[in-house]
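J.: Pasting a structure here, questions to come.
The values are calculated or read from the model by the stated rules, or taken from the named source; none is laboratory data. Everything numeric in this text was worked out from a predicted model, so none of it was measured. Positions of Cβ are generated from backbone atoms using ideal geometry, with glycine treated the same way; all protein chains shown enter the neighbour counts. Keep in mind that these areas ignore ligands, DNA and RNA; they rest on the heavy atoms of the full protein, side chains included. Shrake-Rupley method; radii C 1.70, N 1.55, O 1.52, S 1.80 Å.
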Amino acid sequence: EISTTPFLLYIVGGGSAAVLERLKILIRSMNLMNEVKLLPQVSPTEIHRYFRSASAYLSTSLYEPFGIVFIESMAAGLPIVALETGAVPEVVADTVGFVVQRGVHYIDRLAHRLKIIIENAEVREFFATNGPLEAKQYDIGQHIDKFIALYTSVLPKKNG
């Protein structure tokens, strides 16, 4: 089902030359040159500029051991749509976005979840409001006292 909602998709982060060339051909063949922009890997400062102007964050990564980008997305108030891989199910709670299982037609499921977020302001706002709250649990400032206590407990005691 095709959405009639206008969109601008930024694909950020390099990748192999072969994949980028295939994307360029696909974008041209579907006449999406005004809607889809391919960007190289950008600095952390630049990525935050894109986060601030975005409505959602989509990850199609097939391998994601932890993914600090999800925490950054949550902190920026971006609803998330991500593929279930690595630590994604533990990091992306159902209060901040959708995690889509891999398998047959997973791309269609990713697109459908993204469409829900784009077209439903209530869902988008729910995820956007919860994101910064969820991201706080990963803030080192919230846990520093626990880390200090742990390190202190394992250090050898001074004789003196």
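J.: If 146, 115, 136 are ordered by their accessible area, calculated over protein heavy atoms with a 1.4 Å probe, which sequence runs from highest to lowest? List each step's numbers first, then the result.
T.: Details: 146 140, 115 35, 136 115 Å².
The residues order as 146, 136, 115, largest area first.
J.: Can you list the lysines whose alpha carbon is less than 27 Å from that of residue 146, not counting same-chain residues fewer than 8 positions off?
T.: The reachable lysines, counting only those whose Cα sits under 27 Å from residue 146, are 136, 157, 158.
J.: Could you tell me which residue out of 150, 87, 126 lies farthest along the dipole of the range 43-160 toward its positive end? Charges go on the beta carbon: Lys and Arg +1, Asp and Glu -1, centred on the Cα centre.
T.: The residue sitting farthest along the positive end of the dipole is 150.
J.: Another one. Based on the Cα coordinates of the range 44-103, what is the per residue volume of their convex hull in Å³?
T.: It comes to 76 Å³ per residue, whole-number rounded.
J.: Another question, then. Checking a compactness column here: for the chain, what do you get for Rg(Cα) / (2.2 N^0.38 Å), N being the number of residues?
T.: Computed over Cα atoms of the chain, the ratio equals 1.27.
J.: Note down the accessible area of residue 112, probe 1.4 Å, to the nearest 10 Å².
T.: 100 Å²
J.: Placing +1 at every Lys and Arg Cβ and -1 at every Asp and Glu Cβ, with all other atoms neutral, what dipole size does the range 102-160 have around its Cα centre, in debye to the nearest 20?
T.: Value, rounded to 20: 400 debye.
J.: If you average the sequence gap of Cα pairs under 8 Å that are 6 or more apart and divide by the length of the chain, what percent do you get for the contact order?
T.: Computed over the chain, the figure is 19 percent.
J.: If you don't mind, there's one more thing I want to ask. Can you tell me which of 9-20, 49-60 comes out highest on packing, and rank the rest after it, using the mean Cβ neighbours within 10 Å? Intermediate values should be presented prior to the final figure.
T.: On the way: 9-20: 12.1, 49-60: 16.0.
Ranked from most to least packed, the peptides come out as 49-60, 9-20.
J.: Where the only charges are on Cβ atoms (+1 Lys, Arg; -1 Asp, Glu), what is the dipole of the range 1-82 about its Cα centre, to the nearest 20 debye?
T.: Around 220 debye, computed over the range 1-82.
J.: I've got another one for you. Based solely on C-alpha atoms, express the radius of gyration and the Dmax of the range 3-90 in angstrom.
T.: My reading of the Cα-based Rg and Dmax gives 13.8, 38 Å.
J.: In Å², what does the accessible area per residue of the chain work out to with a 1.4 Å probe?
T.: Value for the chain: 69 Å² per residue.
J.: Okay, next question. Specify whether the C-alpha gyration tensor of the range 69-158 places it in the rounded, prolate or oblate class, a ≥ b ≥ c being the square roots of the eigenvalues: rounded for a/c under 1.5, otherwise prolate if a/b is larger than b/c and oblate if not.
T.: Verdict is oblate for the range 69-158.
J.: Can you tell me the 0 to 90 degree angle between the C-alpha axis of helix 44-53 and the longest principal axis of the chain, rounded to 10?
T.: That works out to roughly 60 degrees.
J.: Moving on to the next point. How big is the range 85-124 on each of its three principal axes, counting only the C-alpha atoms and giving the largest first in Å?
T.: 29, 23, 8
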